[in-house]
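Novice: Shown below is the structure under consideration.
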There are 4 protein chains.
Amino acid sequence: MSNSIGRLFVVTTWGESHGQALGAVIDGCPAGVFLSLGDIEKELARDIPDIELGTKRDEPNKFEILSGWFQNRTLGTPISIIIHNIDYKTSNYKQLQDLIRPGHADYTYIEKYGHREFRGGGRASGRECIARLAAGAVAKKVLSYFEIGIESRVIEMAGIPINSKESYQKAKEASLENANDGESTGGIVELRAKNLPVGAGSPIFGKLDAELALALMSIGGIKGVEIGAGFSSAKMKASESNDEFYLNNGKIRCRTNNAGGLLSGISTGEDLVVTIAVKPTPAISKPQKTVNIKEMKEAMIECKGRFDLNFTPRVAPIAEAMAGIILTDELICSGYIHPSKISSSSLLKK
Amino acid sequence: MSNSIGRLFVVTTWGESHGQALGAVIDGCPAGVFLSLGDIEKELARDIPDIELGTKRDEPNKFEILSGWFQNRTLGTPISIIIHNIDYKTSNYKQLQDLIRPGHADYTYIEKYGHREFRGGGRASGRECIARLAAGAVAKKVLSYFEIGIESRVIEMAGIPINSKESYQKAKEASLENANDGESTGGIVELRAKNLPVGAGSPIFGKLDAELALALMSIGGIKGVEIGAGFSSAKMKASESNDEFYLNNGKIRCRTNNAGGLLSGISTGEDLVVTIAVKPTPAISKPQKTVNIKEMKEAMIECKGRFDLNFTPRVAPIAEAMAGIILTDELICSGYIHPSKISSSSLLKK
Amino acid sequence: MSNSIGRLFVVTTWGESHGQALGAVIDGCPAGVFLSLGDIEKELARDIPDIELGTKRDEPNKFEILSGWFQNRTLGTPISIIIHNIDYKTSNYKQLQDLIRPGHADYTYIEKYGHREFRGGGRASGRECIARLAAGAVAKKVLSYFEIGIESRVIEMAGIPINSKESYQKAKEASLENANDGESTGGIVELRAKNLPVGAGSPIFGKLDAELALALMSIGGIKGVEIGAGFSSAKMKASESNDEFYLNNGKIRCRTNNAGGLLSGISTGEDLVVTIAVKPTPAISKPQKTVNIKEMKEAMIECKGRFDLNFTPRVAPIAEAMAGIILTDELICSGYIHPSKISSSSLLKK
Amino acid sequence: MSNSIGRLFVVTTWGESHGQALGAVIDGCPAGVFLSLGDIEKELARDIPDIELGTKRDEPNKFEILSGWFQNRTLGTPISIIIHNIDYKTSNYKQLQDLIRPGHADYTYIEKYGHREFRGGGRASGRECIARLAAGAVAKKVLSYFEIGIESRVIEMAGIPINSKESYQKAKEASLENANDGESTGGIVELRAKNLPVGAGSPIFGKLDAELALALMSIGGIKGVEIGAGFSSAKMKASESNDEFYLNNGKIRCRTNNAGGLLSGISTGEDLVVTIAVKPTPAISKPQKTVNIKEMKEAMIECKGRFDLNFTPRVAPIAEAMAGIILTDELICSGYIHPSKISSSSLLKK
């Protein structure tokens, strides 16, 4: 259950970082959606957006669509996508077998499952997200029928706010500098969905912001989620925080968007804006104190291997994927997208 | 569905702010839990923690337990708690019937449901949370068997950080001052759960932080959720952000707690720490621009009635309730609490 | 969880037979459905269709709609219906406290929950179904917008097939005769839903027949469920069992209906036909062998009190209610009924 | 959603009969379960229990376990099993493209999805069940830790009751005879689970019989499900139908088992007994009347290809698989099997 998300559009992911393959099963995608291999390829390729910051694992992400898809159209049946791991047998992790890495899932997984996936991060590895990208590609394709687009951008990296090419360069340099010291850094990603209809989302525990918070917090390394003005709202007065309504060509609009496109969890038609905090990659070569759980003795650990110097840029497309999945599910559940046929799902266009 | 939360310990809430009653059905509570009327009374009484800041609606919160409970013990069957609304027929809202309040659910609910609950906020009102408090009281009682405690405190109000009686007084004054100007303000609440076992929470989409983010973001007016160091993590280096492990009397512990008690969504045994941002109460007497949706004309609105000057203090116990519900559900799903009998649910105590 | 049914149209029931009240929360009912108190009253009144066969408990079924409903229209929010128990404090059960009744839930509930609801059957009592009738009344009202009707009839009672007034009289007499001997009898109910659209139901585990089987088997005392020709199909040849297609005024129809209106779990547009087997009421005055679980000694038991001589006629409206709930949920999930507004849910009518 | 079943032990199946592969993802299997390739192979091999009756498609069922499994042990993470289709490109179906087969999903799928999977039965094909067998093999392995065994046998075929080798031979001959006439036949399967603990199953909508009814009715071609004495109960008196309790070596037992091991949906510890009705394979070579949906004209159809003469024997292992899945899920949800570690899941053995 915990590897599935969604109510009528349900995504299940599977696979370990050092297993043979990873994959996603997408259940509840309407039939008739045009979907090319390129649509998925394009999203998978975003997994290493910046080679200088990313992991050095040079994996071409070979994938196949095994079901639910024929002649570039979805069938309405579960879409099974498999992504093969190429060099999964190599393991640089063995030497760390009995040391639990600070900031990592090692300790909690051992306690939960009674064993450690010593071949690597297992399901807790960032590699798991490749399956989310594949599922997100399908969701985005569905949303594209309704001209709903999802975008993301890194707005802070290694403590440096990014709003220009220059500032990005600065942030990248700061990340690399830290890497040279055996360190890693984090950052902030802003996510934006455009052209949502008014009225998507459900009251109380099905609020769209709540669903998004779950989906985004489920990405490894995310420590905070904000909707619209987020924590800044806490410092505002109501007259600053409230978005006043006005009429624009007969349509009700908001002058500002502190709400981030959601009132009581239901979409206002303004851009959906979400911000998420990414922590520094926990695996670093700098020595850290830890415990050898076999001998139950304190010890030092130095993580060697292929780690992200700063995985904020890699989180951005994953956040888009998760938002795509949640929005597709919500629009189906809210009656905007027809659950079984894309052709008749034109409610929204009206 | 959207009015229920939980997998094996499921809470469903119902009721409008200006209806006859509100309530919660708690399904999946083990049998044999000692539960007195006072346990619920105590939590419901926290709804107006500070009369000077809270709404003036002076409701005694008369409630009844209608099922699942006999001779001060839970039966294992659904616990139905009803909270009567006393003065529900009075309505100061009528004059605003066609004006959609900025920052409120009026507009989105009309679009979603094709009508407006003009008697008041309906389900979108903060009043809905009284049912959450009742359900939270039951959850906390279950957790108390395992010595798991949940606490909350307001750490910022009206922009003033609170860490002393003095600073609280200052924050209160600032809130009241704003109220005199027809304004309202927001704040920040810190939530803490103590004595969790190691290993609660599930991987991927069932991460405990993800579940908590959903539960807390589902409270009206919450615009941000942070786990542990939250957004500050984004500015740290890994060696600062990672919590190093050490041994304390043969037990693995973390020296710091930037993770907020969770690694990959699974509890480390350290305090669970969550921070949430509360926006200013949207209904204010200060005039705001809006739209008359009947005439589709721009208009001004001044909200009169019983509104919170700052509902941050009221959010604190609700956040505790939501955390209690999520933790109880997770501990049942994770095999720490027996799903049907509290007496044999001593797994955790071992 | 086990007290809720449905995915988008979710019904939760609560209450013990000898508690203060029972109730249902109906979440996901579209807004704007016309619903009068009489609509519910009418269904609740069917609980004792034949006083000569039914329990002697003469309860007027006083009920209230506490939420989700205003001025005879549904609001789109959870509808909470409460049914008060009048004489709940009287108990004839005490003397049996330590004897487990054959055919009853006593033994299994004690094992599961570690205690016995000695005031009566608790949740396992047939009384629980009164809440299902209330929820079913709401579902039927939603379905009536699409001219979908649900009917039931007792087709066998006390071993006597019923197809005429005479045969019914004979079956009734057989039931009463058995009752005079301290016995009870069972029967068979046929359920029929008319005017379903083609295409409702989902593949694999969401087959409409599977959902119906769960819903109907969840009624106490049901030991079998058949779709269409049911067990008779097992004795047919394919050319007998298959329903041949033909054209009727440009519409595809089936000449026979052995399939009971479902092919691969999806509706064909023919009548949905389901048959269910009702076992004899287990509580009888005739002495039976059992065990005293306190003393762990074999013993004899004679059940006194208000029991149905044959509860088949009482099962019929409950079966209708369950079918109504499942069909409403399925038609919302399948995109035939709009999830939040009845007015725009005219997809089906086209 | 409709391709998943279970609450904490969740099985999702995917794949079309004429696609590249089919598969199952098993989420929620505890870590540490010993599972060999042979365990799965053995169940998959049961797909064609009797070559003379079965389909002629001679597929070796090549499969792989792609995740959740390492060195013959489960990891606690989702187990992804893929079963390759060998001759999936061959298609004898094309000629029937516009004719809807009586008794088949063709018509309802076209209406639901707006297209027909003309390569073959798609998801509605019996081939889908191969993934259920794989998942069932995992479930049975979990249950074997608690000495819970599941058995099935064909008790009627082609109208001939089977209780001896001779009667089986007679039934087989009757089936073959019908096949020679271009016909097919059905039958009845009895399913039995032994050694269940007392107290598994949940009240009301989570009754174990209700869950089993859903799971078994979800198998293609099943038209009826009975628990214990099933439809015979309807003709009994209570004193015949009730199973009297007695003591056997200090353990409470039932003298008879008309209840089929369940009282109010909760296990009594007696054998769980379920009977299911299998309809004749709908695809037959005998000419049948139907409709050409392209030309909307009545037509005749003769199905050629690889069809079961009687698929009752093939249903038996699938019914076992479904029961295995439901029981494993229920025992985890009921607290008998630990959700994450098999080693500590010894509650039941006590």
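The values are calculated or read from the model by the stated rules, or taken from the named source; none is laboratory data. Everything numeric in this text was worked out from a predicted model, so none of it was measured. When we count neighbours, we look across all protein chains shown, and the Cβ atoms used for this are built from the backbone with ideal geometry, even at glycine. When the accessible area is computed, the model is the full protein with side chains, heavy atoms only, and any ligands, DNA or RNA have been set aside. Shrake-Rupley method; radii C 1.70, N 1.55, O 1.52, S 1.80 Å.
Novice: Between B:G199, B:G261, B:G38, find the one with the highest GNM mean-square fluctuation for chain B; connect C-alpha pairs within less than 10 Å.
Specialist: It is B:G38.
Novice: For the protein assembly as shown, what is the accessible area per residue in Å² when the probe is 1.4 Å?
Specialist: 33 Å²
Novice: Can you give the average number of partner chain beta-carbon atoms within 10 Å of each beta-carbon in peptide C:328-339, as a whole number?
Specialist: Counting other chains' Cβ atoms within 10 Å and averaging over C:328-339 gives 4.
Novice: Under 12 Å from the Cβ of C:V10, count the other residues' Cβ atoms, weight Lys and Arg +1, Asp and Glu -1, and hand me the total.
Specialist: -1
Novice: Still on this model: Could you work out the mean count of beta carbons from other protein chains within 10 Å of each residue's beta carbon in D:9-19?
Specialist: Details: counts 1, 5, 1, 11, 7, 14, 7, 8, 0, 1, 9.
The mean count of partner-chain Cβ atoms within 10 Å per residue comes to 6.
Novice: Kindly state, as a whole number, the per residue volume in cubic angstrom of the convex hull around the alpha carbon atoms of the protein assembly as shown.
Specialist: On the way: hull volume 229.8 nm³, N = 1400.
Hull volume over Cα atoms, normalised by residue count, gives 164 Å³.
Novice: Something else: From the backbone phi of the range C:148-163, what are the Karplus-calculated ³J(HN,Hα) couplings (6.51 cos²θ - 1.76 cosθ + 1.60, θ = phi - 60°) in whole Hz, Gly and Pro given as x?
Specialist: In residue order, the calculated couplings are 8, x, 10, 10, 9, 8, 7, 9, 7, 8, 6, x, 9, x, 10, 8 Hz.
Novice: Under a cut-off of 13 Å between alpha-carbon atoms, report the aspartates and glutamates in cross-link reach of C:K341, not counting same-chain residues fewer than 8 places apart.
Specialist: Result set, ordered by chain and number: B:E111.
Novice: Still on this structure, please answer the following. Take every Cα-Cα pair in the range A:4-349 and report what % of them are more than 36 Å apart.
Specialist: 25 percent
Novice: Here's a follow-up. Over chain C, with a Gaussian network built from C-alpha contacts below 10 Å, which listed residue (C:E128, C:E298, C:E226) shows the highest mean-square fluctuation?
Specialist: C:E298
Novice: Once ligands and nucleic acids are excluded and a 1.4 Å probe is used, how much of D:V10 is accessible, expressed in Å² to the nearest 10?
Specialist: Probe radius 1.4 Å; accessible area of D:V10 about 10 Å².
Novice: List, by residue number, every residue in the range B:239-264 with a reduction of 40 Å² or greater in accessible area between the chain on its own and the complete protein assembly, 1.4 Å probe.
Specialist: Residues losing area: B:S239, B:N242, B:E244, B:F245, B:L247, B:I252, B:L263, B:S264.
Novice: Give, as a single signed number, the net charge of other residues whose beta carbon lies under 12 Å from the beta carbon of B:R192, with Lys and Arg counted +1 and Asp and Glu -1.
Specialist: -3
Novice: Additional query: How about the range A:174-257: which trypsin sites (Lys or Arg not before Pro) there are in a DSSP loop, with at most 14 other Cβ atoms within 10 Å of their Cβ?
Specialist: Counting only loop positions with at most 14 other Cβ atoms within 10 Å, the trypsin sites (Lys or Arg not before Pro) in the range A:174-257 are A:R255.
Novice: In debye to the nearest 20, how big a dipole does the range D:4-349 give about its Cα centre with +1 on each Lys and Arg Cβ and -1 on each Asp and Glu Cβ? Could the numbers behind the result be given before it?
Specialist: On the way: 41 positive and 41 negative charges, 66 e Å.
Using Cβ point charges on Lys, Arg, Asp and Glu, the range D:4-349 gives about 320 debye.
Novice: Still on this structure, please answer the following. Have a look at C:N292, C:N310, C:N258 and tell me which one the Gaussian network model of chain C (Cα, springs below 10 Å) gives the largest fluctuation.
Specialist: C:N292
Novice: Taking the mean number of other Cβ atoms within 10 Å as a proxy for protection, how do you rank D:141-152, C:326-337 from highest to lowest?
Specialist: My ranking of the peptides, most packed first, is C:326-337, D:141-152.
Novice: What whole number of Å gives the distance from the Cα centroid of the range D:206-284 to the Cα centroid of the range D:305-325?
Specialist: Going from one Cα centre to the other spans 19 Å.
Novice: With a 1.4 Å probe and every protein chain kept in, tell me what percent of the accessible surface of chain A is carbon plus sulfur.
Specialist: Details: 5630 of 11450 Å².
The computed percentage sits at 49.
Novice: Let me ask you something else. Enter the buried accessible area of the D/C pair, total of both sides, probe 1.4 Å, in Å² rounded to the nearest 100. Write out the running numbers ahead of the final one.
Specialist: Working: alone 17450 and 17420 Å², together 26660 Å².
Approximately 8200 Å² gets buried when D meets C.
Novice: Considering every residue in A:64-70, what mean count of other chain Cβ atoms within 10 Å of its Cβ is obtained?
Specialist: Shielding by partners across A:64-70 averages 6.
Novice: Give me the net charge for the shell around B:I342: Cβ to Cβ below 10 angstrom, other residues only, Lys and Arg +1, Asp and Glu -1.
Specialist: With Lys, Arg at +1 and Asp, Glu at -1, the net is +3.
Novice: List the aspartates and glutamates whose alpha-carbon lies under 16 Å from that of B:K172, not counting same-chain residues fewer than 8 positions away?
Specialist: Those aspartates and glutamates meeting the cut-off are B:D50, B:E52, B:E156, B:D181, B:E183, B:D308.
Novice: Just to be sure I follow the rule: in the range B:174-321, considering lysines 8 or more places apart or on different chains, how many pairs have Cα atoms under 25 Å apart?
Specialist: 21
Novice: Now for a separate question. Using a 1.4 Å probe on the protein heavy atoms only, what accessible surface does C:H84 show? Give it in Å² to the nearest 10.
Specialist: Per-residue accessible area (C:H84): approximately 50 Å².
Novice: Return the calculated 222 nm mean residue ellipticity for chain A, to the nearest 500 deg cm²/dmol, obtained by summing -39500 (n - 2.57) across DSSP H runs with n ≥ 4 and dividing by the residue count. All intermediate terms of the calculation are to be shown ahead of the outcome.
Specialist: Details: 7 runs with 85 residues, N = 350.
Using -39500 (n - 2.57) per qualifying helix, the result is -7500 deg cm²/dmol.
Novice: Could you give the C-alpha radius of gyration of the range C:203-350 expressed as a fraction of 2.2 N^0.38 Å, taking N as the number of residues it contains?
Specialist: 1.44
Novice: Right, something else. Once you put a point 7 Å from the Cα of D:K289 and another 7 Å from the Cα of B:N249, both along the Cβ direction, what distance in nm separates them?
Specialist: About 8.4 nm, to one decimal.
Novice: Still on this structure, I have one more. Could you order A:V225, D:V154 by accessible surface area, starting with the largest, using a probe radius of 1.4 Å?
Specialist: D:V154, A:V225
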